[in-house]
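Asks: Sharing a structure below in structure tokens format, with a few things to ask.
The values are calculated or read from the model by the stated rules, or taken from the named source; none is laboratory data. Everything quoted here is computed from the prediction, not taken from an experiment. Heads up, the Cβs are rebuilt from the backbone with ideal geometry, glycines too, and the neighbour counts pull from every protein chain shown.
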Number of protein chains: 2
Amino acid sequence: MNAFDELNSMLRRAHLLGTVSDLLAWDEQVNLPDGSTELRAEQRAVMAETQHAAAVETRIGAALATLEKSPDALSDEQRTVLRWARRDYDRETKLPEAFVREKAEQGSRAYHAWAEARAASDFARYAPYLEKNVELARREAAYLGFGDRTYDYLIDRHDPGMTAAAIDRLFTELKTELVPLVRAIVGSPVQPRTDWMRGFPEDPQERFLREVTERIGFDYSHGRVDRAVHPFCSGTGLDVRMTTRFHVDNPLDSLFSAIHESGHGLYDQGLRADQHHTALGQAVGMGVHESQSRLWENQVARSRGFWRYFEPRWRDLFSEQLRGVSSDELYLAVNAVRPTLIRVDADEVTYNLHIVLRFEIERRLFSGELAVPELPAAWNQLSDSLLGLRPGNDAEGVLQDVHWSDGAFGYFPSYCVGNMMAAQLWYRALELRPRLEDEFAAGDFSWLLGWLREVVHRHGKRFLTLELVEQSTGEPLSPKYLIRYLKERYGPLYLP
Amino acid sequence: MNAFDELNSMLRRAHLLGTVSDLLAWDEQVNLPDGSTELRAEQRAVMAETQHAAAVETRIGAALATLEKSPDALSDEQRTVLRWARRDYDRETKLPEAFVREKAEQGSRAYHAWAEARAASDFARYAPYLEKNVELARREAAYLGFGDRTYDYLIDRHDPGMTAAAIDRLFTELKTELVPLVRAIVGSPVQPRTDWMRGFPEDPQERFLREVTERIGFDYSHGRVDRAVHPFCSGTGLDVRMTTRFHVDNPLDSLFSAIHESGHGLYDQGLRADQHHTALGQAVGMGVHESQSRLWENQVARSRGFWRYFEPRWRDLFSEQLRGVSSDELYLAVNAVRPTLIRVDADEVTYNLHIVLRFEIERRLFSGELAVPELPAAWNQLSDSLLGLRPGNDAEGVLQDVHWSDGAFGYFPSYCVGNMMAAQLWYRALELRPRLEDEFAAGDFSWLLGWLREVVHRHGKRFLTLELVEQSTGEPLSPKYLIRYLKERYGPLYLP
């Protein structure tokens, strides 16, 4: 076996073990009996160990070294595989075992401290854990060759090639336009009716969700949707496991959650199936993944065209509940905007400001401008200036998200990078296919999916996030399309 | 770490990997999208490899050797763990890799040959594969120290300590009584009504099944039941995954399947949870496992007491379907007897004769009395003499079962060993608790489950099959209780 085949076969093995771990995690959320959690924790631990052992096999290191000696002997695609395999291998091998163990134990302790602190709305008791997480992040970045550019490392981990400075430029431009837009919408006399949203039985909700996701192109011969407390999408494109939840008094929540997760699933299903174990068949990063989920959830499923097709179907299933609700009222409810303190409850307009807030905090935390004890005050002040809302306590402010307890700094910006990329893809699609919404109105979403497969999915990790945006839209990533989209969609509704 | 702790920790790891493989197999039957089968095959292959590597770790061999040097330093329980760990380790390590590979490949080829031969009802094209499987079984037995006692090895593999000679004695006595009993029942003018068995919707069937299995003691906080094409029970006692299927025109099928699988699940849930990775917390073998499923399915759930409690509940759910069906008619339908050529369709009386038939064939095949090409004729002749039915073709005769195609010789006898043990346990229970059926009639199954936990479940593999029967019932295994049970239950119904 030559070195490339050897590398390929070991990547394949590590990947397959990873997919088994993913299935255990999915099953834990969907099927696991209440009393079986400890067994599952042990199963996951043994799989994590096994998977790590497969990813750090010395034969991988040897194959990488051999291949790196004569890169010219490799094809373009093989070089892409090699580059990413090296990156992954370094991440798995450069962190000392003692550090990995310390981080895992600290993550578990910090999670419990966070949960308790949030319940008591008392940031002070969480602060020491957060300090420790910040220190661990700094050490990790140093181990992986980022020196003291810790926040760049943390961002790059989720969106390869992206930097704090790049995001800062994008977000500064974005918030300049977005804050006044939100103020204007908040001041609008137009308010969506919500009184009709009650008593939507789960079974027809599920039927509708299935029809919608199938219609936009989700392939149920390689995936399924189940119920879980939190919506998520896991698995590989060959077996995508999505989840959703149903609220009888909030049918739009489960519908849009499911469309969002389907967007992730469509990306997974569009990746090269024979290359899921290499960079050629893997998602670029979080930002691009989120661009796909958001594009289907927002640009597509909140469009007039989409509802022209699906509204009659929805009314068939829920004629009673929708009696007396006009099409315009329904469409306004689909596009409701109302600032809230809680990120996960936010609409698509204000959501971006929640992300800007977290980015500002993280950036200043890692640059040293902000110390951990100063976080609550900084949070509240930013919340006020960006959203016009001031948290009444830490639980609805700085303590609301789980991410930092696990050391997942640098993750939040991806959500907004995804939103910007989604809008930019959307306008490029409209340029190429101006009558796209008419196709939606006829129930045809195939052109859009085909185009995304072509310009995004099939490339895997061949391009970094920013390269892929430029490649697919002809322009560098810019917030202007997201701003334009939000103004064009929400302006006519709220600021006529 | 001392050698015992070391052994323990490695057994634990191998066991956990095994439970992950089991979950993949369960998920394949219950959840897997149609298009994802190839991925699943790869996932299972990589897990099988990983699990095998964990089971043959040289450190296990070293720990075993160390411990075997001074057995007196170990407790009774530790010696049990050691003895079985040695047995398992030898089975994993004594077969040459080339042999294991040859057997796996042959198994796959033979399965396809069997499926084709059955479809064409043409034994001749399957015969060469069966010859090869016989040869592989002989080699396997020799590798594992059984010399030319191949059939003893094959039986011992499923029921440790059991031999062909012992089964021969038991079955000879059994068939002497059973053949005339079946003849008499077949000649009886009493025939169950089946005309009312139609239109039983699945949801209430499922509700009833859930109530029954919960009531007999299945712990749903450590298990679940789902739908699959074939009913089965997998997982460990900490997370039992049962399956069943529903037929709207055969509600008794899914009910009794589910009770059968619950019986397996109750055994699993009664094994020592902290010892699932050692012999102290594992089932003795197939025969004992089957005794538990059959006891609940047959002795319990086909009893008058059981139906006195559950009939009113069943009628609540299916008042329409059961209109005009008397309690006696219902009870007779629950205990329908009708000889059939096909084992999996057989009732509990004639089922045992199907097993005797297969045992006779296997025994003579491995003793050399019978050559592969002679199998169809031998099968047909035995079928005639035991069941009074002669297959019209090989598909409904010698080709009906999948087992031999995979080399699973010696498996069939366990079913009947289980039936004998179930009946023997049943009469011992009645001796200790003569009013047991009255308790069932009041919906109370707790004494029986508690007793089985005490005399069977909690022992794990501490006793071999025959030892356990003697230990729990005070007598060596004998067919007389099964004969007595069948006569006492079916005599009054069919031969009044």
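Asks: Need the failing condition index for A:Val20 against (1) touching a residue at least 12 places away in the same chain (Cβ under 8 Å); (2) more than 9 Å from every other protein chain (Cβ to nearest Cβ), just the number.
Replies: Of the numbered conditions (1) touching a residue at least 12 places away in the same chain (Cβ under 8 Å); (2) more than 9 Å from every other protein chain (Cβ to nearest Cβ), the odd one out for A:Val20 is (2).
Asks: B:Leu266: within 14 Å of another protein chain (Cβ to nearest Cβ), under 23 Å from B:Phe445 (Cβ atoms) and modelled with pLDDT of 95 or more, yes or no?
Replies: Details: within 14 Å of another protein chain (Cβ to nearest Cβ): no; under 23 Å from B:Phe445 (Cβ atoms): yes; modelled with pLDDT of 95 or more: yes.
Answer is no for this residue.
Asks: Take A:Ser257 and decide whether it is in a helix (DSSP H, G or I), touching a Pro at 6+ places or on another chain (Cβ under 8 Å) and either buried (at least 23 other Cβ atoms within 10 Å of the Cβ) or more than 14 Å from chain B (Cβ to nearest Cβ) (or both).
Replies: Values: in a helix (DSSP H, G or I): yes; touching a Pro at 6+ places or on another chain (Cβ under 8 Å): yes; either buried (at least 23 other Cβ atoms within 10 Å of the Cβ) or more than 14 Å from chain B (Cβ to nearest Cβ) (or both): yes.
Spelling it out, A:Ser257 is indeed in a helix (DSSP H, G or I), touching a Pro at 6+ places or on another chain (Cβ under 8 Å) and either buried (at least 23 other Cβ atoms within 10 Å of the Cβ) or more than 14 Å from chain B (Cβ to nearest Cβ) (or both).
Asks: Which residues, taken from segment B:231-254, are among the charged types (D, E, K, R), more than 14 Å from every other protein chain (Cβ to nearest Cβ) and farther than 14 Å from B:Val30 by Cα?
Replies: First pass over segment B:231-254, keeping only residues among the charged types (D, E, K, R): B:239, B:241, B:245, B:249, B:253.
Remaining after also requiring more than 14 Å from every other protein chain (Cβ to nearest Cβ): B:245, B:249, B:253.
Once the filter is applied, which keeps residues that are among the charged types (D, E, K, R), more than 14 Å from every other protein chain (Cβ to nearest Cβ) and farther than 14 Å from B:Val30 by Cα, segment B:231-254 yields B:Asp249, B:Asp253.
Asks: Another question, then. Quick test for you: out of B:Thr163, B:Thr172, pick the one residue that is over 24 Å from B:Ser303 (Cβ atoms), touching a helix residue (DSSP H, G or I) at 6+ places or on another chain (Cβ under 6 Å), of a type in the set (S, T, N, Q) and more than 14 Å from chain A (Cβ to nearest Cβ).
Replies: On the way: B:Thr172 fails: touching a helix residue (DSSP H, G or I) at 6+ places or on another chain (Cβ under 6 Å).
None of the other options fit; the residue is B:Thr163.
Asks: Let me ask something else about it. Would you pick out the residues in segment B:440-452 that are surrounded by 17 or more Cβ atoms within 10 Å (Cβ to Cβ) and of a type outside the set (A, V, I, L, M)?
Replies: Scanning segment B:440-452 gives B:Phe440, B:Phe445, B:Trp451.
Asks: Okay, next question. Filter segment B:218-251 for residues that are modelled with pLDDT of 95 or more and among the aliphatic types (A, V, I, L, M); which is nearest to B:Ala336 (Cα to Cα)?
Replies: B:Val248
Yes/no matrix, rows are residues, columns are (1) assigned by TED's automatic domain parsing to the domain that holds A:Asn8; (2) among the acidic types (Asp, Glu); (3) closer than 29 Å to A:Leu332 by Cα:
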position	(1), (2), (3)
A:Ser221	no, no, no
A:Asp226	no, yes, yes
A:Cys233	no, no, yes
A:Pro251	no, no, yes
A:Gly263	no, no, yes
A:Gln269	no, no, no
A:Gln275	no, no, no
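Asks: Which pairs turn up if I take residues in segment B:192-206 that are farther than 10 Å from B:Asn250 by Cα and look for partners that are among the hydroxyl-bearing types (Ser, Thr, Tyr) with beta carbon separation below 9 Å, at least 6 apart in sequence or on another chain?
Replies: Cβ pairs passing all conditions: B:Glu202/B:Ser254; B:Gln205/B:Ser254; B:Glu206/B:Thr244; B:Glu206/B:Ser254.
Asks: Checking the conditions here, which among A:Tyr151, A:Tyr111, A:Tyr89 is in contact with a Phe, Trp or Tyr (Cβ under 8 Å, 6 or more places away or on another chain) and surrounded by 14 or more Cβ atoms within 10 Å (Cβ to Cβ)?
Replies: Working: A:Tyr111 fails: in contact with a Phe, Trp or Tyr (Cβ under 8 Å, 6 or more places away or on another chain); A:Tyr89 fails: in contact with a Phe, Trp or Tyr (Cβ under 8 Å, 6 or more places away or on another chain).
Within the list A:Tyr151, A:Tyr111, A:Tyr89, the selection yields A:Tyr151.
Asks: Now a separate question. Working carefully through the options B:Gln43, B:Gln29, B:Gln51, find the one that is under 24 Å from A:His222 (Cα atoms), within 11 Å of chain A (Cβ to nearest Cβ) and within 28 Å of the chain's Cα centre (by Cα). Let's see the steps before the verdict.
Replies: On the way: B:Gln29 fails: within 11 Å of chain A (Cβ to nearest Cβ); B:Gln51 fails: under 24 Å from A:His222 (Cα atoms).
Within the list B:Gln43, B:Gln29, B:Gln51, the selection yields B:Gln43.
Asks: So, one more: Go through (1) under 30 Å from B:Asp328 (Cβ atoms); (2) outside any loop (DSSP other than H, G, I, E, B); (3) touching a residue at least 12 places away in the same chain (Cβ under 8 Å) for B:Arg458 and report which single condition fails.
Replies: The one condition B:Arg458 does not meet is (1).
Asks: For segment B:198-230: of the residues being surrounded by fewer than 19 Cβ atoms within 10 Å (Cβ to Cβ) and in a loop (DSSP other than H, G, I, E, B), which is farthest from the other protein chains (Cβ to nearest Cβ)?
Replies: Only one residue fits best here, namely B:Arg198.
Asks: Considering A:Arg313, A:Arg343, which residue is in contact with a His (Cβ under 6 Å, 6 or more places away or on another chain) and touching a residue at least 24 places away in the same chain (Cβ under 8 Å)? Break it down stepwise before answering.
Replies: Working: A:Arg313 fails: in contact with a His (Cβ under 6 Å, 6 or more places away or on another chain).
Checking each option against the conditions leaves just A:Arg343.
Asks: Among what's in segment B:319-366 and is β-branched (Val, Ile, Thr) and in contact with a Phe, Trp or Tyr (Cβ under 8 Å, 6 or more places away or on another chain), pick the residue that is farthest from B:Asp168 (Cα to Cα).
Replies: Going through the qualifying residues, I end up with B:Val325.
Asks: Sticking with this structure for a sec: I need the full set of residues from segment B:142-163 which are closer than 20 Å to B:Val417 by Cβ and in a helix (DSSP H, G or I), in order please. Full working, then the answer.
Replies: Start the filter on segment B:142-163 by keeping residues that are closer than 20 Å to B:Val417 by Cβ, which leaves B:146, B:149-163.
Across segment B:142-163, the qualifying residues are B:Thr150, B:Tyr151, B:Asp152, B:Tyr153, B:Leu154, B:Ile155, B:Asp156, B:Arg157, B:His158.
Asks: Sort out which residues of segment B:197-222 are in contact with an Asp or Glu (Cβ under 8 Å, 6 or more places away or on another chain), farther than 21 Å from B:Leu448 by Cα and not charged (D, E, K, R), and write them in order of number.
Replies: Step one: list which residues in segment B:197-222 are in contact with an Asp or Glu (Cβ under 8 Å, 6 or more places away or on another chain), which gives B:197-200, B:220-222.
Narrowing the set further to residues that are farther than 21 Å from B:Leu448 by Cα leaves B:197-200.
Selection gives B:Met197, B:Gly199, B:Phe200.
Asks: Would you confirm whether any residue within segment A:58-77 is more than 9 Å from chain B (Cβ to nearest Cβ), surrounded by 19 or more Cβ atoms within 10 Å (Cβ to Cβ), touching a Leu at 6+ places or on another chain (Cβ under 9 Å) and not aliphatic (A, V, I, L, M)?
Replies: No.
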